[in-house]
Amino acid sequence: MGNYGIDIWSDDNFIIEDGLAKINFNCKPSLISIVKDIRKQDFKGPLLLRFPHITKKQINTLYNTFNASIKEYDYKGTFNAVFPLKVNQLPNFIHPLITEGKKFNYGLEAGSKAELVIAMTYNNVGSPITVNGFKDKEMIHLGFIAKSMGHNITIIIEGLNELEIIIEVLNETKMECPNIGLRVRLHSGGSGLWAKSGGINSKFGLTSTEILEAYELMEDNNLVKHLTMIHFHIGSAMNSIKPLKKALREAGHIYAELKNLGATNLDSINIGGGLAVEYNAYERTRFYSLTEFANDVIFTLKDIARQKGVDEPNIFTESGRFISAASTVLIAPVLELFSAEYDFDHLKLKPINPPLIQELNDLHRDMSKRTAYEYMHDSIDHMESLLTLFDLGYIDLQDRSNAEILTHQVIKKAISLLEIDDYEELKKLDENIQEKYLLNFSLFQSLPDYWGIDQEFPIMPITHLDKKPTRSASLWDITCDSDGELPFDLKKPLYLHDVNLNKEDYFIGFFNVGAYQDTLGMKHNLFSHPTEVNIVFKNGEVVLEKILESQKIIDILEDIDYDTNDIRARLRKNLNDHNYKDMEKYLNENSYLKTIWSYHE
Ligand SMILES: *Cc1c(COP(=O)(O)O)cnc(C)c1O
């Protein structure tokens, strides 16, 4: 794998040129040039780069594909979409999305009161707002308030009690009623990792009995005219369209039945989210294109409408991952290569050495391309024997240190001599000879789904891409938690470059991290959100917008409810002026590491 699977996962958003990862847009700047610009302003540590042009591209693709399909099938309903805020609520992501979405009337979906407040405040008036999730009276009242602001809002009820609350709020406030949607509990489940969002045992939605009861309740309270939408969401990252088609049939028939019962203003089916994103760098795992997806939705709904003699419904989608994932890249500086300690400079051979150490030295000296593989093997065997000798007390710590250095040097030399042809054989050894790269980031903060649900993300260094990566790599984060590791995996091997960090910088990019990671991330070890920057293009030039520095240590402590006045007072009392001044400086810096190495560009 010479190109880190970029042709599989990047959707042409990024390209490799002149050995550098570049943004395939406008003036095609390299990621490293952007990283250097930001670091020049003294933002060390991990960076989250956001690319609003990619969000825009996804919004355009979504609308254009569905609208083309509507045209092709001469479909009478309209296509509408909302962005589900739970996928990424951060202002630096949301503001550009709202601006770009205006021309399509792209709206927002809220699943909590806080998200609803974002939607009420920032959604383009007239663009739809949908409200999902469990709701109390306050949340429903918020929906009424949004309606009074002129928002086109639909409260999607998850249970009969929510309808009862709507009636209560209506009677108490005499405010205008928002549109009402019904989330249906489908008999057919989803597919993929998150399938439990759909299906009869799902956490959400009304059963058929409840739908009929809800309809009756609406009739009794003169609310049928507000019923506009049927909703379902069968789960995230659907890897096949088949379950969606089943769900569509079911929901489509429910829609038609309710229309035939007399729900005259019911005109929409909201198919939820779930469009998949390619995270794999080794083989394609997406089985459908957006065109196929759109065609299937339109064809199925058209067919049901014809069969039941009802109007073809407007279509709503709530895809979040598809819109946001590709827009964000995490860049983590490599702080250290584990084997750097095994540099030749540290070798201190004695006048007389134990025979095995002498042999290691010879293996290194005499190695040729032809003998490289065999000698490397021998050195690993020798190393194991030497460790046993150490445990038995036959060699001392200096011998052990020399043995470790020599073995690492033998392996390094062998890897540099061996050609790609020998790779298959080399691979068998990769687990033993892997290099550990220490990265300045927290896996818990920045890739929580890797930790929580084994979600993989594309990984690629952003420089050196014209050189063969020779080291099988494990990645360590800087938390003090052994789970903060992306171990080398023989089935999906990651190879990185053998770099000397005394002489050059090396940065690892994690791609497609714009969905869910930002607010799922946790402050384990009190590492907070990385410094984030929006990368925009103006007149053919890169402009860094909205630089938001990683949180200061004192603010992190305040966030977890420490009394910062008390912290300062206690430190002040126990430190002299000079040390307190330094202390105050550190309290105002973020908690990521600066650089371990003294190298500066
Ligand atoms: C989470 C969620 C979405 C978004 O799902 P994606 O897989 O990110 O597209 C949409 N609708 C509802 C109701 C959700 O809960």
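Please treat every number below as a calculation from the coordinates, not as lab data. Everything numeric in this text was worked out from a predicted model, so none of it was measured. Backbone-built Cβ (ideal geometry, glycine too); neighbour counts: all protein chains shown.
With just the Cα atoms of segment 52-319, tell me how far they stretch along each of the three principal axes, in Å, largest first.
Per principal axis, max minus min of the Cα coordinates gives 57, 44, 35 Å.
Suppose the chain between L349 and D362 were pulled fully straight at 0.36 nm per residue; how much longer would it get relative to their current alpha carbon spacing? Let's see the in-between values first.
Values: separation 13, 0.36 × 13 = 4.68 nm, distance 1.27 nm.
The L349-D362 span can extend by a further 3.4 nm.
What angle, in degrees between 0 and 90 and rounded to the nearest 10, separates the Cα long axis of helix 91-101 from the longest principal axis of the Cα atoms of the chain?
Here the helix axis deviates by roughly 50 degrees.
In whole Hz, what ³J(HN,Hα) sequence does segment 539-556 give by Karplus (6.51, -1.76, 1.60; θ = phi - 60°), x for Gly and Pro?
The phi angles translate into 6, x, 10, 7, 10, 8, 10, 6, 5, 10, 6, 3, 4, 6, 4, 5, 6, 4 Hz.
What percentages make up the Cα-Cα pair-distance distribution of the chain when the bins are 20 Å wide from 0?
18, 42, 29, 10, 1
In segment 1-68, if the dipole is taken from +1 on Lys/Arg beta carbons and -1 on Asp/Glu beta carbons about the Cα centre, which of G45, I15, F66 is farthest to the positive end?
G45
Using alpha carbon centroids, what distance separates segment 289-338 and segment 341-399, in Å?
57 Å
Run lengths n ≥ 4 of DSSP H only: what is the helix-derived mean residue ellipticity at 222 nm for the chain, with -39500 (n - 2.57) per run over all residues, to the nearest 500? Don't jump to the answer; show the numbers that get you there.
Working: 21 runs with 241 residues, N = 601.
When only DSSP H runs of four or more count, the value is -12500 deg cm²/dmol.
Which three extents, in angstrom, do the Cα atoms of segment 474-601 have along their principal axes, listed largest first?
Projected onto its principal axes, the Cα set of segment 474-601 covers 55, 44, 35 Å.
Projecting each Cα onto the charge dipole of the chain (Lys/Arg +1, Asp/Glu -1 at the beta carbon, about the Cα centre), which of L501, I180, F293 comes out farthest on the positive side?
Ranked along the dipole, the leading option is I180.
Inverting the mean 1/r over all pairs of different Cα atoms, compute the Kirkwood radius of segment 280-392 and quote it in Å.
On the way: mean 1/r = 0.0460 Å⁻¹.
Roughly 21.7 Å, rounded to one decimal.
Quick check for you: which residues of segment 467-497 have the amide N under 20 Å from the point 7 Å beyond the Cα of L526 toward its beta carbon?
Under 20 Å, as judged by backbone N against the label point of L526, lie 477-482, 484 of segment 467-497.
Is segment 552-601 rounded, prolate or oblate when judged by the Cα gyration tensor, a ≥ b ≥ c being the square roots of its eigenvalues, rounded requiring a/c under 1.5 and prolate requiring a/b larger than b/c? Don't skip to the end; give the middle numbers.
Working: a/c = 4.04, a/b = 1.49, b/c = 2.71.
In terms of gyration-tensor shape, oblate.
Sorted from largest down, give the three principal axis spans of the alpha carbons of segment 45-146, whole angstrom values.
Over segment 45-146, Cα extents along the principal axes are 45, 44, 21 Å.
Exposure proxy check: D303, D267 ranked by fewest other beta carbons within 10 Å? Mind showing how you got there, number by number?
Values: D303 15, D267 20.
Listed from fewest to most nearby Cβ atoms, that is D303, D267.
In whole percent, what relative contact order does the chain give with Cα contacts below 8 Å and a gap of six or more residues?
On the way: 1109 pairs, mean separation 101.2, N = 601.
Computed over the chain, the figure is 17 percent.
If you take the Cα atoms of segment 68-114, find Rg, then find the Kirkwood Rh from the mean of 1/r over all pairs, what is Rg/Rh?
Numbers: Rg = 13.6 Å, Rh = 12.4 Å.
With Rg and the Kirkwood Rh in hand, the quotient comes to 1.10.
Thinking of segment 340-431 as a set of Cα atoms, what percent of all their pairs are more than 21 Å apart?
Numbers: 1253 of 4186 pairs.
Result: 30 percent of Cα pairs exceed 21 Å.
Could you give the angle, 0 to 90 degrees to the nearest 10, between helix 208-220's Cα long axis and the longest principal axis of the Cα atoms of the chain?
The two axes meet at around 50 degrees.
How tilted is helix 564-574 with respect to the longest principal axis of the chain? Cα atoms for both, answer in degrees (0 to 90, nearest 10).
Here the helix axis deviates by roughly 30 degrees.
Of K36/K491; K44/K538; K113/K308; K242/K308; K113/K242, which pairs sit farther than 31 Å apart, going by alpha carbon to alpha carbon? All intermediate terms of the calculation are to be shown ahead of the outcome.
Working: K36/K491 34 Å; K44/K538 25 Å; K113/K308 38 Å; K242/K308 22 Å; K113/K242 34 Å.
Check vs 31 Å cut-off fails for K36/K491; K113/K308; K113/K242.
Work out, in µm²/s and without decimals, the Stokes-Einstein translational diffusion coefficient of segment 86-141 at 10 °C, 1.306 mPa s, Rh from Kirkwood over C-alpha pairs. Numbers along the way, then the final one.
Details: Rh = 11.6 Å.
The calculation lands on 137 µm²/s.
Using only the Cα atoms of segment 14-67, what do you get for the radius of gyration and for Dmax, in Å?
Cα only, segment 14-67: 14.4, 46 Å (Rg, Dmax).
For segment 52-319, with the dipole built from +1 on Lys and Arg beta-carbon atoms and -1 on Asp and Glu ones, taken about the Cα centre, which of Y122, F83, N239 lies farthest toward the positive end?
N239
By count of other Cβ within 10 Å, fewest leading, how are V125, V542 ordered?
Values: V125 9, V542 15.
Placing the least packed residue first, the sequence is V125, V542.
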